[in-house]
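J.: Mind having a look at this structure? Questions to follow.
The values are calculated or read from the model by the stated rules, or taken from the named source; none is laboratory data. Just so we're clear, the structure is a prediction, and the values are computed from it rather than from any experiment. Here the Cβ is made from the backbone with ideal geometry for all residues, glycine too, and neighbour counts use every protein chain on show.
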């Protein structure tokens, strides 16, 4: 198996993938080949083209919210499926080529997302340092590692602990993130040929595009979930791209396509909305879904059988 | 075919049955045997026991509302089905054995339901007459017809025009009902072996008992109808009989069991409510149901097929 | 105070009124004058005209359901208010002028409502007796008491224990009602000048006429209650009288007009429905309403104050 | 008046501000002082501190969606109010210091948001060019303008037409955005002391934090809007920042705080949600809100008066 990830090496996505491989049987894990990509979009293209077998991609961050790039790419490809999720705690270090006093740091490079998560620390500890953009936190670390000592003086990078270690940098400060306890959720995506069997502790991910010019259709969508006893664990609006105020919704629901109540909700949504099914997969936290007895499989099956038994009495059209 | 009706002869129920027979092919109509019963309950017992093949019974009056007796009897028998409805205009006459001035009338007999519908007229035209209860309007007319002339003097009956004519009474006043334009709706009920095929202008009658002690369950029932695009044309609460505040609902919806949207709503209701299906049948007014395209059979079928195609990709449980 | 009731004396309504008077201070109770009426309608007219000060009327029976006559009369008068409710257990006796074997009884008279509640007992114990209508159970008892012994032989009345005792009849059988535990709820109605203060265990009675030709308006009404955390304890449909399928709803809700949540729901209903307010009054069972904190008075007041504070910043129209 | 904007000069935000000033009376427009800021956060701090009087900030892009930085800053400050909106068409040019063939371009600098909007064009026209991040499109243009000719050779910037013109760059390609017709919506924010008067064509912006651990609270929020006839024109989820799956919603509704229906919805939301009111202001498109008569001010006022008139009859607590 070849696994793509949002690279370069030592990103949090890389870490999520390593975490996922640990859960595999040892022989499969040993055979895994890890392939970094510069964007989720290029990794997804490689997946669809068959060059790789799966990709790990960030989907949601507890501080920054939905990862637009991943959400939009997933929504745009019909033939791919989420088969697992991983949750990774997000923590940052300030790293330099050589040990140094903070007061000596004049420039700090990092990816804009990482910068956003350490703003307060920077303001309080390095108020006069210039903040420079980099294509990734790992890229910032690597650039520093590869710079001449002279050139590297007074410069630092904000990166993951893994990146600092990997590139042999000196850690000037740890745990500098503004939101202690931040997490990012990653999804493992494959080509669409197999949905993992139901475990009882599952999530299903959808993209739903509401009908245009029908006020109240968001409410109707939520009612369709509610009458089937389906809870949402995430809802994220994403622009359709054609005009202001036109959205689709990226949604996680509690349950599996195999659950009658989930299947029933999907059937209902399909009638009025354009729905993209992105997969049903075990929850990372393993928490089983509590199901109201009137929403259990047995209740749906009994309802079906009752209506079928009635329907057998309908006279044929004359 | 033997048809039972709420007798005696010349009741409005009798008239509804005659009206229904007119719509049958001549040879079937000619063979029909009409059997009066003293109550809907006894007629229904005869139906269930196979002594008769169908019964005509009043279900709803535009002035008085639901006819409790019929509603309760229908709800109590699982093996009977409504196969047609008839609507009969309700108009009353004041009739006497011999032509007479109104001023000479001292006693007026009628069924309490009929009395309720001519109260104003009686107050204005016969303010000092005694109002006597009778077991039916026809019974009041018949009693008058069979009375000795002496005994009949000063007495009148409130009855249908048909009754007055049938029993050879003199009509003292016509159209004496307080609510001009009043109508009663009757249903034709058979043993439960055949539901008439869908015509596109159909009604379905249900009795729904909501789950006890679950506030909001009436709202949930209505939401189940709404998310399936099903309109109610009648809702009537009936006591369960065991305690104050405990109800079931007698409901007519627009549509036929063969409509996917109706079947879907019934399946949904069945999960949390005790539902009695009382039949799907052509509407008396022939008005076709307008259906939102997202609630049409094709939309339901497409939703089913989509979910089925997804479900085929679920890996078998290991 | 003069109190009207649905007579004659010894009806269950009479009993409800006696029950209510017991709860009054002794001096007020002693001064009370009780006036029987032949119908709720005539009693209500007397109330509106100022001839009496209050009336007691049956509104709901656990077996038979809503009492149409009362519901319709209450809905038709804008100037009257329910100020209390009483619940009376309903039990019947079979009574005769003289002690007699059941086998000797050939005729049984009673009001049709009472007959409906002893059907099974009559079928099993007096299958061949003729069932005769009477204008009230008390009337049936009184007629028997006043009949000559000769004339009274073989005849019995179905009436309340109170009636049998009052008219000196012999009780042939007790507790003959089909539904043991049946109850009737009565309301005490006054002219509309004073609503009893909130007790925390209150009910409010309304009549709501939904807008015509707006499918889903029943659902909207229930949503208005729900968003204000208001539970319904009774809902009864009553025909408007002008056409089949046209209804108003007689509704009891848990709570008092003084509750912000009730006032808010009423304001909302008033916008789209014709609402008749029939009163807020203490519940007979004294059970206090459980209120979700977000629906408590304080939450409404805080919301109002917040919006008012915002509104003070609106620039005047130029 | 001093106006802050997300700088540097020539950004789309700058353009939105210029557009807004055109609508002011000439003397006020002439006195306006424009102050660029490096982020919405720093501009907002300056606003709150009184250094500037208003800021223009991007809130929503038809392609990229909500502008998280602005949404989060607005939600975090209670004392600021949106008073106007501006919509700016988004179009990009590829610009270089000197006219040049596309084939000569090896490096392209721009802000990541701009890059995201020209990806396809870059892939098709400059597949082998390196894409470099810049802190803003204007910064990329300025850097190029200030570079030595030698250094600038083979380099280009993606920027607004205004930036290319302002910095005297040569435009190599115009209209290179992937989504023709893209727009960004900007809001003008002031300190919270004056809400513009209602025009009849208004929007109101809110941030709503749903109660934790109450499934269905999003549905309840939408129901609160619906029962008051309030349509949403935008809904955007934003993480609360404390844990995965914890969100607030940034919402635009059609209407003004002065509309009774809007005030009523806000009062309702306030009971169960933490609501931040961010302002009511005229819509950029001037389109008047269509209001269902039952949701008009008059209907709300009539409901209030009715309930008040009833409430005056409540007896004082004894």
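J.: Return yes when residue D:196 is under 21 Å from residue D:284 (Cα atoms) and under 21 Å from the mean Cα position of the chain (by Cα) and no when it is not. Give the steps one after another, and end with the answer.
T.: Values: under 21 Å from residue D:284 (Cα atoms): yes; under 21 Å from the mean Cα position of the chain (by Cα): yes.
Taking the combined requirement at face value, the residue satisfies it.
J.: Follow-up. What strands (runs of 3 or more DSSP E) lie completely within segment C:73-137 and have 1 or more residues being surrounded by fewer than 19 Cβ atoms within 10 Å (Cβ to Cβ)?
T.: Working: elements: C:80-89, C:93-96, C:107-110, C:130-133.
Once the strands (runs of 3 or more DSSP E) in segment C:73-137 are filtered for at least 1 residues that are surrounded by fewer than 19 Cβ atoms within 10 Å (Cβ to Cβ), what remains is C:80-89, C:107-110, C:130-133.
J.: To continue, here is another question. Testing residue B:187 on (1) modelled with pLDDT of 95 or more; (2) away from every other protein chain (no Cβ under 14 Å); (3) crowded, with 19+ Cβ neighbours inside 10 Å, one condition comes back false. Which one is that?
T.: Result: residue B:187 fails condition (2) only.
J.: List, please: which pairs have Cβ atoms under 7 Å, are six or more places apart or on different chains, and start with a residue in segment B:305-318 that is facing chain A (nearest Cβ under 7 Å) and end with one that is part of a strand (DSSP E or B)?
T.: Pairs that qualify, where the first residue is facing chain A (nearest Cβ under 7 Å) and the partner is part of a strand (DSSP E or B), are B:310/A:277; B:313/A:195; B:314/A:195; B:315/A:195.
J.: Are any residues in segment A:207-224 farther than 25 Å from residue A:73 by Cα and either in contact (Cβ under 8 Å) with a residue 40 or more places away in the chain or more than 8 Å from every other protein chain (Cβ to nearest Cβ) (or both), and if so, which ones?
T.: The first filter runs over segment A:207-224 and keeps only residues farther than 25 Å from residue A:73 by Cα, leaving A:213-216, A:219-220, A:223-224.
Residues satisfying the conditions are A:213, A:214, A:220, A:224.
J.: Answer yes or no as to whether residue B:15 is more than 14 Å from chain C (Cβ to nearest Cβ), surrounded by fewer than 17 Cβ atoms within 10 Å (Cβ to Cβ) and assigned to a helix (DSSP H, G or I).
T.: Values: more than 14 Å from chain C (Cβ to nearest Cβ): yes; surrounded by fewer than 17 Cβ atoms within 10 Å (Cβ to Cβ): no; assigned to a helix (DSSP H, G or I): yes.
Criteria not met by residue B:15.
J.: Sticking with this structure for a sec: If I ask for residues that are at pLDDT 90 or above and either outside the structural domain of residue A:152 (by TED's automatic domain parsing) or touching a strand residue (DSSP E or B) at 6+ places or on another chain (Cβ under 9 Å) (or both), which ones from segment A:102-118 would you list?
T.: Of the residues in segment A:102-118, the ones at pLDDT 90 or above are A:102-110, A:118.
A:102, A:104, A:105, A:106, A:107, A:108, A:109, A:110, A:118, listed by residue number.
J.: While we're on this one: Identify all residues within segment C:138-152 that are without any contact (Cβ under 8 Å) to a residue 12 or more places away in the chain and either surrounded by 17 or more Cβ atoms within 10 Å (Cβ to Cβ) or part of a helix (DSSP H, G or I) (or both); write none if there are none. Walk me through how you get there before you give the answer.
T.: Of segment C:138-152, the ones without any contact (Cβ under 8 Å) to a residue 12 or more places away in the chain are C:146, C:148, C:150-151.
Passing the criteria: C:146, C:150, C:151.
J.: Just to be sure, is residue B:155 within 14 Å of chain A (Cβ to nearest Cβ), more than 14 Å from residue B:118 (Cα to Cα) and in contact (Cβ under 8 Å) with a residue 40 or more places away in the chain? Walk me through it before giving the result.
T.: Values: within 14 Å of chain A (Cβ to nearest Cβ): no; more than 14 Å from residue B:118 (Cα to Cα): yes; in contact (Cβ under 8 Å) with a residue 40 or more places away in the chain: yes.
Judged against the criteria, residue B:155 is not a match.
J.: Answer with yes or no whether residue A:52 is within 11 Å of the chain's Cα centre (by Cα) and either part of a strand (DSSP E or B) or at pLDDT 85 or above (or both).
T.: On the way: within 11 Å of the chain's Cα centre (by Cα): no; either part of a strand (DSSP E or B) or at pLDDT 85 or above (or both): yes.
Here the answer is no, as residue A:52 does not meet what is asked.
J.: For segment C:276-295, how many residues are farther than 20 Å from residue D:277 by Cβ and in contact with a helix residue (DSSP H, G or I) (Cβ under 8 Å, 6 or more places away or on another chain)?
T.: Step one: list which residues in segment C:276-295 are farther than 20 Å from residue D:277 by Cβ, which gives C:276-293, C:295.
Within this subset, residues satisfying the condition of being in contact with a helix residue (DSSP H, G or I) (Cβ under 8 Å, 6 or more places away or on another chain) are C:276-278, C:280, C:291, C:293, C:295.
Total meeting the criteria: 7.
J.: On to the next question. If you go through segment D:36-45 one residue at a time, do you hit one that is farther than 11 Å from residue D:189 by Cα, in a loop (DSSP other than H, G, I, E, B) and within 11 Å of chain A (Cβ to nearest Cβ)?
T.: Checked against the condition, which is being farther than 11 Å from residue D:189 by Cα, in a loop (DSSP other than H, G, I, E, B) and within 11 Å of chain A (Cβ to nearest Cβ), segment D:36-45 yields at least one hit.
J.: Of the numbered conditions (1) part of a loop (DSSP other than H, G, I, E, B); (2) within 11 Å of chain D (Cβ to nearest Cβ); (3) under 29 Å from residue A:81 (Cβ atoms), residue A:180 fails exactly one; give the number of that condition.
T.: (3)
J.: Could you tell me which numbered condition residue D:235 fails, if it satisfies all but one of (1) touching a helix residue (DSSP H, G or I) at 6+ places or on another chain (Cβ under 8 Å); (2) within 11 Å of another protein chain (Cβ to nearest Cβ); (3) more than 19 Å from residue D:72 (Cβ to Cβ)?
T.: Failing condition for residue D:235: (3).
J.: Let me ask something additional. Quick one: which residue in C:22, C:67 is surrounded by 21 or more Cβ atoms within 10 Å (Cβ to Cβ), assigned by TED's automatic domain parsing to the domain that holds residue C:10 and more than 12 Å from residue C:4 (Cβ to Cβ)? Talk me through it step by step, then tell me what you get.
T.: Numbers: C:22 fails: surrounded by 21 or more Cβ atoms within 10 Å (Cβ to Cβ).
Going through C:22, C:67 in turn, the sole match is C:67.
J.: Let me ask something additional. Just one of C:71, C:24 is in contact with a strand residue (DSSP E or B) (Cβ under 9 Å, 6 or more places away or on another chain) and modelled with pLDDT under 95; which is it?
T.: Unique residue meeting the criteria: C:71.
J.: Given (1) over 21 Å from residue B:7 (Cα atoms); (2) within 22 Å of the chain's Cα centre (by Cα), identify the lone condition not met by residue B:135.
T.: Evaluating residue B:135 over (1) over 21 Å from residue B:7 (Cα atoms); (2) within 22 Å of the chain's Cα centre (by Cα) leaves (1) as the failure.
J.: Restrict the check to segment D:248-268 and report whether at least one residue is at the interface with chain C (Cβ under 9 Å from one of its Cβ atoms), under 26 Å from the mean Cα position of the chain (by Cα) and free of Cβ contacts under 8 Å to residues at least 24 places away in the same chain.
T.: For segment D:248-268, residues at the interface with chain C (Cβ under 9 Å from one of its Cβ atoms), under 26 Å from the mean Cα position of the chain (by Cα) and free of Cβ contacts under 8 Å to residues at least 24 places away in the same chain: present.
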